Each structure stands twice: as structure tokens, then as C-alpha cells.
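A quick write-up on the structure given underneath.
The values are calculated or read from the model by the stated rules, or taken from the named source; none is laboratory data. Computed from a predicted model, the values in this text were never measured in an experiment. Note that each Cβ is placed from the backbone with ideal geometry, even for glycine, and that neighbours are counted across all protein chains shown. Heavy atoms of the whole protein, side chains included, go into the accessibility calculation; ligands, DNA and RNA do not. Shrake-Rupley method; radii C 1.70, N 1.55, O 1.52, S 1.80 Å.
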Amino acid sequence: MNIINYRNLKPYNTFGINVDAKRFVEVASLAEIQEVREYLRLHPQNFLVLGGGSNVLFTKDFDGLVIRINLSGIEITGEDKYHVYIKAAAGEEWDGFVEYCTDFGFAGIENLSLIPGCVGASPIQNIGAYGVEMKDHFHSLEYFDLSEGTVRTMLRGNCRFGYRDSIFKHELKAGGIILSVTFRLDKLPVFRTNYGALKDELDRMGISGVTIQKTREAVIAVRHSKLPDPAVVGNAGSFFKNPAVSKERHDQLKSLFPQLVSFPQPDDTYKLAAGWLIEQCGWKGRRIGDAGVHEKQALVLVNYGNAKGAEITDLARQIQISVKEKFSVDLEKEVNIL
Ligand SMILES: Cc1cc2nc3c(=O)[nH]c(=O)nc-3n(C[C@H](O)[C@H](O)[C@H](O)COP(=O)(O)OP(=O)(O)OC[C@H]3O[C@@H](n4cnc5c(N)ncnc54)[C@H](O)[C@@H]3O)c2cc1C
């Protein structure tokens, strides 16, 4: 275990925010994680578990220990007539894992192609895209409980997955480290390609018979066309969640704003497209200093170079106020503010 003092975190967060961690350690095995636990017991301090840093916004230097997860390995742990069970270590790059599954013809997570970050973070906010959520193919995970010093297995039913939500954002927030995630993938694909932009892209590609591989290619093409590449301009994807409102509230809004973009939910609520709400308030493409709203997707806030985290959160606050004034709707942040 090699604890480094004052590590610059700019390369470790996709927003590209220039802050330091007071201490920084990379862990690649359970033994190293146990050493880190012992270190924290002897030297109590704040700590932060970090994967790819693609869902965090640092607003100041981190006054504690950043634990960067580098656990690696993918293995097939079982199968039955219809499914295959694949376990991936927390530090595996998410899209590399999706590619691995797609190449082997294991179906289910191809719609989640090109989401940045690591496997270990995927359950935290139950990542989702193009009509699929990670929970749809989640089987279980292994979790190192930092207070007990033990490894626990958690099944799907214990994780309380919701829209960009799980128990790891609540009771188990900062309580431990996800070590690996096991997915249950389909041998016989069920394609979910009705989602607007994905369907259009498959049509454009002139695909007659959809395959897992083609779905992945289409998702990648759509994402490249709509989302900024963090390697080019700093961002953390969607900054806000799509807000959910009651049917009654939805119908009121729809009568006031007939163009309202919304999606009915199974529980009779409606999800409103936060990007559309933000765009209607005139924020799309606007820039204040180096903090801005992406020109193609108003839900994505960007760092054009040297923005400070606080400048991004100020911008976010102004957007929340505008949306509240115009639509009486509260926007909740999706990104973890640190
Ligand atoms: C361009 C772009 C597009 C995106 N598109 C999507 C999208 O379509 N859908 C979507 O859902 N998200 C999307 N995201 C957000 C992000 O990619 C995901 O939330 C991803 O799962 C974050 O992974 P990470 O490894 O970078 O997590 P980090 O940012 O490193 O961490 C996120 C949170 O998880 C915790 N954490 C990380 N690893 C562990 C672990 N092993 N154990 C315990 N806690 C841990 C951290 O402490 C932090 O609270 C996008 C981001 C970008 C930049």
C-alpha cells in the first residue's frame, strides 16, 4: 500500500477540476483494502472511494484519503439454459466489460455501452440509458464493510435500486467498498431498441436483423453524436435527474406547455425531460466563464478549461431557480458534489 501525500485529482475526475487530495492510495486487491482499513483505524480521517471519477464534482480540495479502486478481473461464474452469470471486479472499466459481454454474445447490457466509469460504481446510481437500467441484469455484488472488516454479499432485493438510486446512496453511503458485481445476462437476446434516438440510428444504419453487436454500435454512434467526450471537454454526463411528477401535475403542465417532453412511468407518475425544461429557460449553450451548458444537450454542464467546481455548482443553482420559476419543478442533482 503506497499512500501519496497531496495528489492532484485533475486526471481522476472527468469534469477535469483542478483540486488536490490530501492523501491518495490505489488498491488492487482485498489485502490492500484491508491495509487501508487498518490505516484509517490508526489515522481516522475522511475518505472517498473513487472509480473513474465520472459522476463526481469536486468543489474543493479533498481533506482526507482518496481510495482509487483498481481491482481487475472478469469471470463466468455459472450458467443455466437461458442465462450466464458473469462477475466483474469493481475496477474494470464499464464499457470494456460491456464490450466483453457483447463479443461473447451475452445480451442485456448493450444499451449501456459507452457509459464512462467502472463496474464498481454501476450499482451506486443504478446506471441507465436507452430504456435499460443496470438493475435489470444485476444478480449480486460483494461489498467490503469498512466498519466490520468483512465481505458481504448483497442480492438484488437488498440493494433498493430505483431511478439513479440505490441503498449505496443512503444507508450504505461511504460505509464500504464494492469489490465486484455479478450480472445475469441472456443467452437469447431481448432487444430494447424502441427508444427514440436508438431506433432512428438503427434505421439510419439500415439494419434488417438487429444483433447485440449492432445495438452496441448504434448506441455508441448516438452517444458520440449527442454527448461531449470528457477527454475533450470536462463533464460528468447528466448533471440533473429527470424529475418525476404526479399525473395531475403533468396534465396541468402539458396544458400550459403543449410541447412538454415527458415519459409515463409504470407507477402512474410522469418523468419530465430535464434537458427540455432547461432548454426552455434559455440555458442551452450558455457559458459563464469556463462553466457552461452543453450546446447539444442542456442536461450536461461542462468545464471549458479552468472552471472551479463552485462555478459549476453556481451555474447549476441558477438553472434550478429558472426551472422552478418557469415550471414550478425542482431539479435534483445526479452528480455527487464533493
Ligand atoms: C459523458 C458521460 C456520460 C454519462 N452517461 C451516463 C448514462 O448514460 N447513464 C448513467 O447512469 N450515468 C452516466 N454517466 C455518469 C457516470 O458515468 C456513471 O454514474 C458511472 O457509473 C460512474 O462511474 P465511476 O467509476 O466514474 O464513479 P465515480 O465517479 O468514481 O464515483 C461515483 C460514486 O460512486 C462511489 N463509488 C465508486 N466506486 C465505488 C466502489 N467500488 N465502492 C463503493 N463506492 C464507489 C463514489 O464514492 C461516488 O460516490 C455519464 C458520465 C459521463 C461523463
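Regarding segment 29-52, can at least one residue be identified that is closer than 26 Å to Gly128 by Cα and in a loop (DSSP other than H, G, I, E, B)?
yes
Does any residue of segment 76-87 turn out to be within 16 Å of the ligand (Cβ to nearest atom) and over 24 Å from Gly234 (Cα atoms)?
Yes; the residues of segment 76-87 include at least one that is within 16 Å of the ligand (Cβ to nearest atom) and over 24 Å from Gly234 (Cα atoms).
If you go through segment 84-95 one residue at a time, how many are open to solvent by 30 Å² or more (accessible area, probe 1.4 Å) and either more than 23 Å from Gly176 (Cα to Cα) or at pLDDT below 95 (or both)?
Selection size over segment 84-95: 1.
Starting from segment 49-68, take each residue that is away from the ligand (no atom under 12 Å from the Cβ) and list its partners that are acidic (Asp, Glu), counting only C-beta distances under 8 angstrom and pairs at least six apart or across chains.
Asp61/Asp20
Would you check if there is a residue in segment 142-164 being surrounded by fewer than 23 Cβ atoms within 10 Å (Cβ to Cβ), within 13 Å of the ligand (Cβ to nearest atom), part of a loop (DSSP other than H, G, I, E, B) and basic (Lys, Arg)?
Yes - at least one qualifying residue is present in segment 142-164.
Please work out which one of (1) over 16 Å from the mean Cα position of the chain (by Cα); (2) open to solvent by 70 Å² or more (accessible area, probe 1.4 Å); (3) closer than 15 Å to Tyr143 by Cα is the condition Lys173 fails and give its number.
Of the numbered conditions (1) over 16 Å from the mean Cα position of the chain (by Cα); (2) open to solvent by 70 Å² or more (accessible area, probe 1.4 Å); (3) closer than 15 Å to Tyr143 by Cα, the odd one out for Lys173 is (1).
Tell me which residues, restricted to segment 175-208, are closer than 17 Å to Phe106 by Cα and not hydroxyl-bearing (Ser, Thr, Tyr).
Across segment 175-208, the qualifying residues are Val181, Phe183, Arg184, Leu185, Asp186, Lys187, Leu188, Pro189, Val190, Phe191, Arg192.
Out of contact with any strand residue (DSSP E or B) (no Cβ under 9 Å at 6 or more places or on another chain) and either surrounded by 17 or more Cβ atoms within 10 Å (Cβ to Cβ) or assigned to a strand (DSSP E or B) (or both): is that true of Thr193 in this structure?
yes
Residues checked against (1) hydroxyl-bearing (Ser, Thr, Tyr); (2) touching a Ser or Thr at 6+ places or on another chain (Cβ under 8 Å); (3) touching a residue at least 12 places away in the same chain (Cβ under 8 Å); (4) closer than 25 Å to Ser246 by Cβ:
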position: Gly289; (1), (2), (3), (4): no, no, yes, no
position: Tyr304; (1), (2), (3), (4): yes, no, yes, no
position: Ala310; (1), (2), (3), (4): no, yes, yes, no
position: Asp314; (1), (2), (3), (4): no, no, yes, no
position: Ile319; (1), (2), (3), (4): no, no, yes, yes
position: Val323; (1), (2), (3), (4): no, no, yes, yes
position: Phe327; (1), (2), (3), (4): no, no, yes, yes
position: Leu331; (1), (2), (3), (4): no, no, yes, yes
position: Glu334; (1), (2), (3), (4): no, yes, yes, yes
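Just one of the numbered conditions (1) closer than 20 Å to Cys101 by Cβ; (2) within 14 Å of the ligand (Cβ to nearest atom); (3) at pLDDT 90 or above is not true of Tyr195; which one?
With (1) closer than 20 Å to Cys101 by Cβ; (2) within 14 Å of the ligand (Cβ to nearest atom); (3) at pLDDT 90 or above applied to Tyr195, the lone miss is (3).
With segment 238-338 as the region, which helices (runs of 4 or more DSSP H) entirely inside it contain at least 3 residues that are on the phi < 0 side of the Ramachandran plot, surrounded by fewer than 17 Cβ atoms within 10 Å (Cβ to Cβ) and more than 14 Å from the ligand (Cβ to nearest atom)?
Filter on segment 238-338 gives 247-256, 309-327.
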